[in-house]
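Structure, as structure tokens:
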Amino acid sequence: MVEHFEDSPQATATLDPAGERIPTVVVDDAHIIYRVHQGAAGGTTPVAALRRLVKRTNAPNVREVHAVKGISFTAYRGEAIGLIGSNGSGKSTILRAIAGLLPVNRGAIYTQGQPSLLGVNAALLNDLSGERNVVLGCLAMGMHPDEVAQQAAGIIDFSGINERGDFASLPMRTYSSGMAARLRFSIAAAKRHDVLLIDEALATGDKGFRKRSEQRVRELREGAGTVFLVSHQLSSVRDTCERTIWLESGVLRMDGPTDEVIRAYEAYANSK
Amino acid sequence: MATTALVDPETGLTQAQLAARHGLRVAGERPSLAEYSRRLWAYRHFIAAYANAKLVASYSNAKLGQLWQVLTPLTNAAVYYLIFGVVLAQNSIPNFIAYLTTGLFIFNFTQSAVLAGTQSISSNLGMIRALHFPRATLPLSTTMTQFQQLLASMVVLIGIVLATGEPITLEWLLLVPALLLQAVFNAGVVLLVARMGAKASDLKQVMPFILRTWMYGSGVLYSVSLFDRLPGWATTLVQFNPMLVYIELARYVLLEQAPLLNESLTQLWLVGAGWALVAGIGGFIYFWRGEQEYGRG
């Protein structure tokens, strides 16, 4: 049962010369199956491993998970789209597939340019100072060294890691988890992305930072980008996204204006 | 599954047609080899910065810091000299200490590059999953970090060679192309093991044994004249061992009377250049073919 609200936000979407909305991400009936390692769930003794080698069977502790079961939607330029759903509903999986990090087993995902995925555990080099991490992160996003030199101070200001003393010159391993997450977001947000995928990355900051980052997400959208936001904080989805997609058990439940989708989702979550 | 979802309401196109009309590309598609090389070139600043950062980070917890870059090869040389020069005294080689350290440092360049390269994908998964960049930058910067380490050990080596009474000759300049050939060879091998190590994490456990075997087959610790006792085909095999070739090149350049397995210098240079070319191009293509797999799973 899929409900569609096709009068979704026209006002904010950027149009091409022909007056048509420009798609940035097209997901066409995507199925994603990935294999998970169950860890030490059994069959991990040396004898069992040898037997597997001899019999040429796959490790028994690998299980296939059909995480996304045929999702289709189109995202346009200038849209901010929230992705909501219970844990394990396939939100993060679909983001990783859009970023090109997971293959689709059936169907296809088309993207404009290279989407960037921003997750909470995007590790940089913990032994290096925040400043050096800024330079490295920017270079890794393909910036020119001159551009990096221009932006570095702004990125550190934005992250607010220097609010309590000079942390930027300390190694990142000395940062609190919130500080590290803020710095990572600031680095990723320094570049103009065609498509930015944010996976719970805004949840870690404090209130002041959350305000700043929500503002930054709006700016990125106005710069003709598309932003996807996965979050369990419905308020943050409500504040930044005008369109929301609700996934449940790998199936698209609802796609439409944020208010309506969140209302339906809340009713569903409360009735469980 | 609602089939209506496949048709765009405004234009009446299917999703695939819509994507094609606006020039969208399949997510995570592998670029062509030429395009990939071009992107890699655009990332040269990143490779240099990352190599540097790794070098700094590797000593960040040590009190003596960067000094270890020189101390590590020195200590290594001292230990091997104690065993192979004093305890097992082999007097047949003139200037054994210089002979030994040359082989040791040259081999160590490849050894540490390959060891680090095996993990260059798996130890950077966080970055790979977060940012999009040509993945070959990682193994290449690993090679570059080791190259910088090599330069430090070369300073130590030249000190040892001079202290043991070898004369400075114009031939020493040939050390530069010899090391560059080895660096290209290493980059190729590192690209190869990086892709293999990304899939099979067991490789990390096996690699030290492979490398040790390789070391014994490269005449690092003893006189290469020992290889003459092998049957003919095995000697030929050892002669074409790339590591032996690079070590012999360095020994030929720096030392006056080092025993060499390869008599012909031209052959040494040709084999050295050939290996660099084969490994460099082969490793690059092999790594590129796996580009879209890194960080998945």
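Tabulated values for the structure
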| quantity | calculated |
| --- | --- |
| For residues of B:41-49, the mean tally of beta carbons on other chains within 10 Å | 4 |
| Test item: A:107-113 mean partner chain Cβ contacts at 10 Å | 6 |
| Highest-first arrangement of A:179-188, A:84-93, where packing means the average Cβ count within 10 Å | A:179-188, A:84-93 |
| Other-chain or far-sequence residues with amide H under 5 Å of B:E166's (modelled H) | none |
| Approximate spin-label separation B:L67-A:D259, in nm, with each point projected 7 Å along Cα-to-Cβ | 6.9 |
| Backbone HN-Hα couplings from phi across the stretch A:259-272 [Karplus 6.51/-1.76/1.60, Hz, Gly and Pro as x] | 4, 5, 5, 5, 4, 5, 5, 5, 4, 5, 5, 6, 7, 6 |
| Net length gained if the chain between B:L82 and B:S264 were fully extended (0.36 nm per residue, minus Cα distance) | 62.3 nm |
| Rg over Rh [alpha-carbon atoms, Kirkwood Rh] for the protein assembly as shown | 1.06 |
| Heavy-atom surface of chain B, accessible at 1.4 Å and reported per residue (Å²) | 47 |
| Derived scalar couplings ³J(HN,Hα) [the stretch B:245-259; Karplus, 6.51 cos²θ - 1.76 cosθ + 1.60; whole Hz; x for Gly, Pro] | 5, 5, 5, 5, 4, 5, 5, 4, 5, 8, 10, 7, 10, 5, x |
| DSSP-defined beta bridges in the protein assembly as shown - what % are antiparallel, rounded to 5 | 60 |
| Amide H contacts of A:I81 (H built 1.01 Å from N, under 5 Å, at least 5 apart or other chain) | A:V227, A:F228, A:L229 |
| For A:E248, distant residues with modelled amide H under 5 Å away | A:R253 |
| Phi to ³J(HN,Hα) by Karplus 6.51 cos²θ - 1.76 cosθ + 1.60 over the stretch B:16-33, Hz, x for Gly, Pro | 5, 5, 4, 5, 5, 5, 9, x, 7, 10, 5, 4, x, 6, 7, x, 5, 4 |
| Using a Förster distance of 51 Å, the FRET efficiency for A:E163-B:A89 (Cβ separation, nearest 0.05) | 0.20 |
| Near-label residues of the stretch A:91-112 by backbone N, under 20 Å of a point 7 Å along Cα→Cβ of B:R21 | A:108-112 |
| Shielding score for B:16-25, defined as the mean number of other chain Cβ atoms within 10 Å | 6 |
| Cβ-derived FRET efficiency at R0 25 Å, B:T236 paired with B:S201, nearest 0.05 | 0.10 |
| Chain pair A, B: total accessible area buried, heavy atoms, 1.4 Å probe, Å² | 3800 |
| Accessible-area composition of the stretch B:230-283, carbon plus sulfur, in percent [1.4 Å probe] | 71 |
| DSSP-assigned coil residues among trypsin sites (Lys or Arg not before Pro) in the stretch B:17-96, each with at most 13 further Cβ atoms within 10 Å | B:K63 |
| Sites B:L74 and B:E171 - FRET efficiency at Förster radius 25 Å, r taken between beta-carbons, to 0.05 | 0.50 |
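The values are calculated or read from the model by the stated rules, or taken from the named source; none is laboratory data. The structure presented is a predicted model; accordingly, all values stated were derived computationally and were not measured. Ideal geometry is used to build each Cβ from the backbone, glycine not excepted, and the neighbour counts take in all protein chains shown. When the accessible area is computed, the model is the full protein with side chains, heavy atoms only, and any ligands, DNA or RNA have been set aside. Shrake-Rupley method; radii C 1.70, N 1.55, O 1.52, S 1.80 Å.
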